[in-house]
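S.K.: First, the structure itself, so that you have it in front of you.
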Amino acid sequence: MLGIIIAQQNFAQTKLGPLTVEKIMRDPKWIGTSPSNINWSNDGKYLFFNWNPDKAPSDSVYYITSENLTPMKTDFHLRESVVLSRNVTYNSRRTAFTYSENGDIYVGEVKSGRIKRITQTGERESNPFFSFQETKIVYTKNQNLYAWDIESGETIQLSDFQKGEKPVLENISPNPRRRQARTPEEKKENLSAQEKWLQKDQLALFDVLKERKQKNDLADSLRKSAPKEKQLSKIYVEDKDVFNVGLSPDGKFVTYDLYKNPGGTKNTIVPNYVTESGFTQDIPGREKVGVAQANYEFFVFNTEKDTVIPVNTDQIPGIADEPDYVKYYPVRDTSRKKINRGVIVFGPYWTDKGNNGVVDIYSQDNKDRWLMLLDASTGKLKLLDRQRDEAWIDGPGVRNNLGWIDENVFWYQSEASGYSHLYVVNVLTGEKKQLTHGKYEVQQASLSKDKKWFYITTNQVDPGEQQFYKLSVDGNKSERITAMTGANAVTISPDEKHIAILNSYSNKPWELYLQENKGGTSAKQITAMARTEEFKSYPWRDPEIVTFTARDGAVVRARLYRPTGDNAARPAVIFVHGAGYLQNAHKWWSYYFHEFMFNNLLADNGYTVLDIDYRGSAGYGRDWRTAIYRHMGGKDLDDQVDGAKYLTEKFGVNPKHIGLYGGSYGGFITLMAMFTTPDVFAAGAGLRSVTDWAHYNHGYTSNILNEPFNDSIAYKQSSPIYFASGLKGHLLMCHGMVDENVHFQDIVRLTQRLIELKKDNWELAVYPVEDHGFVEATSWTDEYKRIFRLFETYLK
């Protein structure tokens, strides 16, 4: 009887019961910990992953083997003795590999498994690879290249970048009248008649001088006949900095970029008020959009000819093309001379034999991307593909998925068709071919070791799913490997015979599975403890995927949480996810798991909740991605308003009882909604919100809105601070005071604007120890208690 009582007590302790903000905003360990950071050992014997089924203070490293699929915790000796496959670079025959660890370089044999340490210094060596027809291992130290000879074990330095100007040669004088010091050889050849007679007479008189001269002449003869050691040339970079240093496979060409940051730029300061010292401390922050950008140049150093070749970017087709947005301005200086845009060169990406190298070039205004064949001996460039986007170049895989199929065929990704797909180009003929087709995205891509297949992850089955495929390099044959609904994040074993899969579903966190790397095989579940009993005791909703038609005819996808019971107020809330190119109306466990649980809580309390993949969200192609160009708070906000209309027409929601909330970009949309569509939303909670895009960072903002001084219209129509006078409903603003992404200054400026406008239907909650992403459970709890109270007060 006592045992039954204890069991009942334990069950009561693990049962969640009715949702409250305090329960769901606890330390996430109460949910359970999913496996992460999946890594195969280099020999494929072990599969490692981080996991914390015991809810310890920090994750532990677990592993399985092909013989034992039961997860076991690693010890220190096992972790130290195993080389992870993600760290290694192979030679072309895959008989050897190299890697860096703790600032030193190692080389290993595949067959024997033997590992040898190449370097052991106090400096940091990194990025090793095979070169010189794979007779040497080249690595980077202090931005210079070094080569370790596999046979002899000798190390030579390949580049020597030096700050400052190249010094003037000592025997060259700008003043022809000034006599320079002469070498002994020069002195000997330029003796006067007097000097020659005296020297001859001295040698005739004194035997000791004659004998010494004979010895010196013999030594000189031997020295001149000995093979001369090549002197490493210094490459003077003036006052610039070096990055992207590379080497051709034959060791002949060193390639590098030089950049120079403009002087006088100003960084922001983020004050930290709650510190251990008791004194306020300043955190150095980022620059703001529109700051002057660095100037970049690309060079090739020919090691055989000891010459530096500047690669002239003026030869790039369309380098001076202006963006279309300048046409929108009523006053334009048509007499202004076109200037070449700044570019950044990445690569070269060389073939295995080094016969060809491709450089990947981006314009600094991010309207163009060029793939060009580099002739390293001359610095000449040949166009292979130009991607032009009047909004901005981006899309899944576009910036990092590329490489060689053979010595002449290069593969890459592009949104030329409107969706990110795979392409190949023959660098000799210029012939291009699109390998994948359709209204879906290739989100990940890699080439098999034998270069006969691509491994790709796409959302072809559904925009809210990620499935893994095998595709022949000619694009003619495709095989689907994964079958589980939701997202499948795949890590391939070194021999490519198995795949480790992290899979999750809308209301089920990530679990680890193992499967053969071929279609029609089932996945074996490895972990089954990601969810605690307490978490599993609540029937978390599987949000319905719904669509509605926006005012411009676009079909918008969203998640719907239906309410429990029928509340007389018939309230609704729209959750607005953040941005940076993100998706949330999908079928896997959300990055926004706090909000997922809060939406369940709202639904339990009678709210209908809608979570929209508005314009600008990921997963839907180029046109959807760029629909916010030059007007954030335009079509993306229209989608929220049209979603509110859908709720009233389809589900009988009271149009006077609709609220919305979101963080970061979601906070920005909340502010724009409350200021510019005040009759649609009765209440809103904007969290860590951008209030003025002219105060955000350059990399993200300039892509979408250009620069404030070049496109002021885009900034003024996109920034909430200019529309604060439109506030009617009830607004809650929450912001971390040490936010290094969206600075606290943003919300302070808007607060002052609301004060001057004499608005009194708003409040600001500040969190002194929080950055952009909150980490303290107490902060999460306080914030969401305020949001819930806002909705309970004004939407019911």
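S.K.: Give the shape of region 314-440 as rounded, prolate or oblate, defined through the alpha-carbon gyration tensor: a ≥ b ≥ c are the square roots of its eigenvalues, a/c under 1.5 means rounded, and otherwise the shape is prolate if a/b is larger than b/c and oblate if not.
M.R.: oblate
S.K.: Just to make sure I understand: if all protein chains stay in place, what is the order of Met372, Met484 by accessible area at 1.4 Å, largest first?
M.R.: Accessible-area ranking of Met372, Met484, largest first: Met484, Met372.
S.K.: With Cα Rg over 2.2 N^0.38 Å in mind, check (1) 1.08; (2) 0.97; (3) 1.18 and report the label derived from this structure.
M.R.: Given (1) 1.08; (2) 0.97; (3) 1.18, the calculated one carries the label (3).
S.K.: Among Gly379, Asn366, Gln120, which residue has its Cα positioned farthest towards the positive end of the charge dipole of the chain, with +1 placed on the Cβ of Lys and Arg, -1 on the Cβ of Asp and Glu, and the dipole taken about the Cα centre?
M.R.: With unit charges placed on the Cβ atoms, the residue in question is Gly379.
S.K.: Could you sort Ser420, Ser478 by their accessible area in this structure, using a 1.4 Å probe and putting the largest first?
M.R.: Reading off the accessible areas and sorting them downward yields Ser478, Ser420.
S.K.: Taking a ≥ b ≥ c as the square roots of the eigenvalues of the Cα gyration tensor of region 691-756, is the shape rounded (a/c under 1.5), prolate (a/b larger than b/c) or oblate?
M.R.: Values: a/c = 2.43, a/b = 1.32, b/c = 1.83.
Taking the square roots of the gyration eigenvalues as a ≥ b ≥ c, region 691-756 is oblate.
S.K.: Mind listing the long-range amide H neighbours of Leu422? Cut-off is under 5 Å, sequence gap 5 or more, other chains count too, H placed in the peptide plane at 1.01 Å from N.
M.R.: Placed amide hydrogens put Leu435, Thr436 under 5 Å from Leu422.
S.K.: Suppose we take every Cα in region 633-717 and form the convex hull; what volume per residue is that in Å³?
M.R.: Convex hull volume per residue, Cα atoms: 87 Å³.
S.K.: Let me cross-check Asp495: its accessible surface, 1.4 Å probe, with only protein heavy atoms counted, in Å² to the nearest 10?
M.R.: Approximately 90 Å² for this residue.
S.K.: In addition: What FRET efficiency comes out for Ala483 versus Lys166 if R0 is 60 angstrom and r is the Cβ-Cβ distance? Round to the nearest 0.05.
M.R.: For R0 = 60 Å, the calculated efficiency reads 0.45.
S.K.: Could you let me know the centre-to-centre spacing of region 12-48 and region 266-303, using Cα atoms, in angstrom?
M.R.: Taking the Cα centre of each part, region 12-48 and region 266-303 sit 35 Å apart.
S.K.: Put +1 on the Cβ of every Lys and Arg and -1 on every Asp and Glu Cβ in the chain; which of Tyr607, Trp624, Asn401 then has its Cα farthest towards the positive end of the dipole?
M.R.: Towards the positive end, the residue furthest out is Asn401.
S.K.: Antiparallel versus total DSSP beta bridges in the chain: what percent is that, nearest 5?
M.R.: Taking every DSSP beta bridge within the chain, about 80 percent pair in antiparallel fashion.
S.K.: Continuing with this model, one more query. Determine the gain in length on full extension of the stretch Glu776-Asn142; use 0.36 nm per residue of separation and subtract their C-alpha separation, reporting nm with one decimal.
M.R.: Here the answer is 224.4 nm.
S.K.: Take the alpha-carbon centre of region 59-80, take the same for region 563-624, and report the distance between them in whole Å.
M.R.: Measuring centre to centre over Cα atoms gives 38 Å.
S.K.: Another one. Using only Cα atoms and rounding to the nearest 10 degrees, what angle (0 to 90) does helix 665-676 make with the longest principal axis of the chain?
M.R.: 50
S.K.: Also, I was wondering about something else. Can you pull the one-decimal nm distance between simple spin-label points at His437 and Ile156, each 7 Å off the Cα toward Cβ?
M.R.: 5.2
S.K.: Taking the Cα centre of region 436-507 as the origin, how large is its charge dipole in debye, to the nearest 20, when only Lys and Arg (+1) and Asp and Glu (-1) carry charge on their Cβ atoms?
M.R.: For this selection, approximately 160 debye.
S.K.: Kirkwood Rh over Cα pairs of region 14-95 into Stokes-Einstein at 37 °C, 0.692 mPa s: D in µm²/s?
M.R.: 215
S.K.: Rounded to whole Å and ordered largest first, report the semi-axes of the equivalent ellipsoid of region 684-796 derived from its Cα gyration tensor (root of 5λ).
M.R.: For region 684-796, the ellipsoid semi-axes come out as 25, 19, 11 Å.
S.K.: Return the whole-Å distance between the Cα centroid of region 426-493 and the Cα centroid of region 306-325.
M.R.: Region 426-493 and region 306-325 have Cα centres spaced 33 Å from each other.
S.K.: Got the relative contact order for the chain handy, in percent, Cα pairs under 8 Å and 6 or more residues apart? Don't skip to the end; give the middle numbers.
M.R.: On the way: 1634 pairs, mean separation 74.2, N = 796.
Normalised by residue count, the contact order of the chain is 9 percent.
S.K.: Here's a follow-up. Suppose R0 equals 45 Å; then what is the FRET efficiency for Ser522 and Asp552 from their Cβ-Cβ distance, rounded to the nearest 0.05? Write out the running numbers ahead of the final one.
M.R.: Values: r = 44 Å, r/R0 = 0.98.
The calculated FRET efficiency here is 0.55.
S.K.: Also: For region 37-165, evaluate the Debye formula with one uniform point scatterer on each Cα (no solvent term) and list log10 I(q)/I(0) at q = 0.10, 0.11, 0.23 Å⁻¹, rounded to two decimals.
M.R.: Computed log10 I(q)/I(0) values: -0.42, -0.49, -1.33.
S.K.: For the charge dipole of the chain, defined by +1 on Lys and Arg C-beta atoms and -1 on Asp and Glu C-beta atoms about the Cα centroid, which residue among Ser506, Gln466, Thr280 has the Cα displaced farthest towards the positive pole?
M.R.: In the chain, that residue is Gln466.
S.K.: Please give the charge dipole size of the chain, origin at the Cα centre, charges +1 on K and R Cβ atoms and -1 on D and E Cβ atoms. Round to the nearest 20 debye.
M.R.: Numbers: 99 positive and 101 negative charges, 183 e Å.
The calculation lands at about 880 debye.
S.K.: Angle between the Cα long axis of helix 635-651 and the longest principal axis of the chain, 0 to 90 degrees, nearest 10?
M.R.: 30
S.K.: Separate question: Could you state how much accessible area Met72 has, in square angstrom rounded to the nearest 10, with a 1.4 Å probe and all protein chains kept in place?
M.R.: That residue has around 60 Å² of solvent-accessible surface.
S.K.: Between helix 777-794 and the chain, what is the angle of the helix's C-alpha long axis to the longest principal axis, kept within 0 to 90° and rounded to the nearest 10?
M.R.: 40
S.K.: Sorting Phe535, Phe132 by accessible area (1.4 Å probe), largest first, what list results?
M.R.: Values: Phe535 0, Phe132 40 Å².
Heavy-atom accessible area, descending, gives Phe132, Phe535.
S.K.: Return the ratio Rg/(2.2 N^0.38 Å) for region 356-511, where Rg is computed over Cα atoms only. Present the calculation step by step, with values, prior to reporting the outcome.
M.R.: Working: Rg = 16.8 Å, N = 156, 2.2 N^0.38 = 15.0 Å.
Expressed relative to 2.2 N^0.38 Å, the Cα Rg reads 1.12.
S.K.: Here's another thing I want to ask about it. Magnitude of the Cβ-charge dipole of region 393-530, K/R +1 and D/E -1, about the Cα centre, nearest 20 debye?
M.R.: 200
S.K.: Asp250: accessible area at probe 1.4 Å, nearest 10 Å²?
M.R.: Roughly 60 Å² of Asp250 is accessible to a 1.4 Å probe.
S.K.: Still on this model: List the trypsin sites (Lys or Arg not before Pro) within region 416-463 that fall in a DSSP loop (any state other than H, G, I, E or B) and whose Cβ has at most 10 other Cβ atoms within 10 Å.
M.R.: Listed in order of number, the matching sites amount to none.
S.K.: Shifting gears a bit: Quick one, what does Rg over Rh come out to for region 400-442 if you take C-alpha atoms and the Kirkwood Rh?
M.R.: When Rh is taken as the Kirkwood radius, the ratio is 0.99.
The values are calculated or read from the model by the stated rules, or taken from the named source; none is laboratory data. In this text, all values refer to a predicted model and were calculated from it rather than measured experimentally. Note that we place each Cβ from the backbone using ideal geometry, even for glycine, and neighbour counts take in every protein chain shown. Areas reflect the complete protein model, heavy atoms only, side chains present, ligands, DNA and RNA absent. Shrake-Rupley method; radii C 1.70, N 1.55, O 1.52, S 1.80 Å.
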